[in-house]
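Every number here is computed from the coordinates shown, using simple stated rules; none is lab data. None of the values given here were measured: they were computed from a predicted structure. All Cβ positions, glycine included, derive from the backbone under ideal geometry; neighbour counts span all protein chains shown.
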Amino acid sequence: MRTKRTAIVTGGGKGIGLAAAQALAEAGWNVVIAGRDEAALNEAAADIDGEVLAVPADVSDPASVDQLFSTAVARFGQLDLLFNNAGRAAPAVPVNELDIATWLDVVAVNLTGSFLCARAAFAQMRSQDPQGGRIINNGSVSATTPRPFSAPYTSTKHAITGLTKSLSLDGRTLGITCGQINLGNISSEMGDAMAMGVLQPDGSKKAEPTIPVSHVADAVMYMASLPADANVLDITVMANGMPFVGRG
């Protein structure tokens, strides 16, 4: 019988991932934070009050992902939650000016990385006893309502919706649930640029409101707290004053 649940949070060294990891640890979860920046991970782990393990990992590297999950299970014995949070954006430039290497890296981190981690989570969750677990994917409102010059980010986040729905379907008989959080203007390393002024469809730049990462952590905790027979397939957490509904 499971006594203490275990979560893996990718991109857990700062921003949204760190906020979610802190909330999970405070709620009594074992938490594994993963990311490329080992120094940031160790600093984050030192600041989290609870049972936390920092594991440097590159989600776009299959071997690194496998090592992350095997390390987590070796330490805690099981996996109950994956927060697929690691991601990156690209410079806002016309698509014909976008460097191909940048496109490939955004796809590798945002989409392939989410797939690799979900794949590893499925393998563990379907083999453990009792079977099952939950996956939460980090999506974006840009998936359906893109910003100008955002093809790499928008494309990968649009694909995350397909990944989420496929995982939700494939996990039904295994006790594995999957949902996603679509985010808009969250104050973080990636989102703070919105408050300073961001390109609008008419070519102007405009400062937009943001909301703190704590609201995302609250949504993660709500989804993580649900019983196995319930799922939030899709939830949007956004700054109320941002130009999203009717954007453009």
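If you take the Cα centroid of the stretch 52-114 and the Cα centroid of the stretch 161-189, the two points sit 15 Å apart. Between Ala207 and Val93, the distance separating the two model label sites (each 7 Å from Cα on the Cα→Cβ line) works out to 2.8 nm.
Modelled spin-label separation between Lys165 and Asn240, with each label point placed 7 Å from Cα along the Cα-to-Cβ direction: 3.1 nm. Between the listed residues Pro227, Gly241, Ile135, the Cα displaced farthest toward the positive end of the dipole of the chain, a dipole computed from Cβ unit charges relative to the Cα centre, is found at Pro227. Looking only at the chain, where both bridge partners belong to it, what percent of the DSSP beta bridges are antiparallel (to the nearest 5)? Approximately 5 percent, going by the DSSP bridge assignments. In this rough spin-label picture, where each label sits 7 Å from Cα along the Cβ direction, the Asp49-Ser127 distance is 3.7 nm. Going by Cα centres, the stretch 192-228 and the stretch 1-32 are how many Å apart? The stretch 192-228 and the stretch 1-32 have Cα centres separated by 20 Å. With kT/(6 pi eta Rh) evaluated at 4 °C and eta = 1.567 mPa s, and Rh the Kirkwood radius from Cα pairs, the chain diffuses with a coefficient of 71 µm²/s according to Stokes-Einstein.
Its residue count N sets the reference 2.2 N^0.38 Å, and the alpha-carbon radius of gyration of the stretch 36-181 equals 1.11 times that reference. Helical content alone sets the calculated 222 nm signal of the chain at -11500 deg cm²/dmol, taking -39,500 (n - 2.57) per DSSP H segment of four or more residues and averaging over every residue. Measuring nothing but how far apart in sequence close Cα pairs (under 8 Å, 6+ apart) lie, relative to its length, the stretch 6-238 scores a relative contact order of 18 percent.
Tell me, what is the FRET efficiency for Thr145 and Asp229 to the nearest 0.05, using R0 = 25 angstrom and their Cβ-Cβ distance as r? Efficiency, from the Cβ-Cβ distance: 0.20. Of the DSSP H helices in the chain, those that are both long (alpha-carbon extent of 18 Å or more along the helix axis) and hydrophobic (Kyte-Doolittle mean at least 0.0) are 62-76, 113-127.
Peptides 161-167, 89-95 ranked from most to least packed, by the mean per-residue count of other Cβ atoms within 10 Å: 161-167, 89-95.
Taken about its Cα centre, the stretch 6-238 carries a charge dipole of about 580 debye when Lys and Arg each add +1 at the Cβ and Asp and Glu each add -1 at the Cβ.
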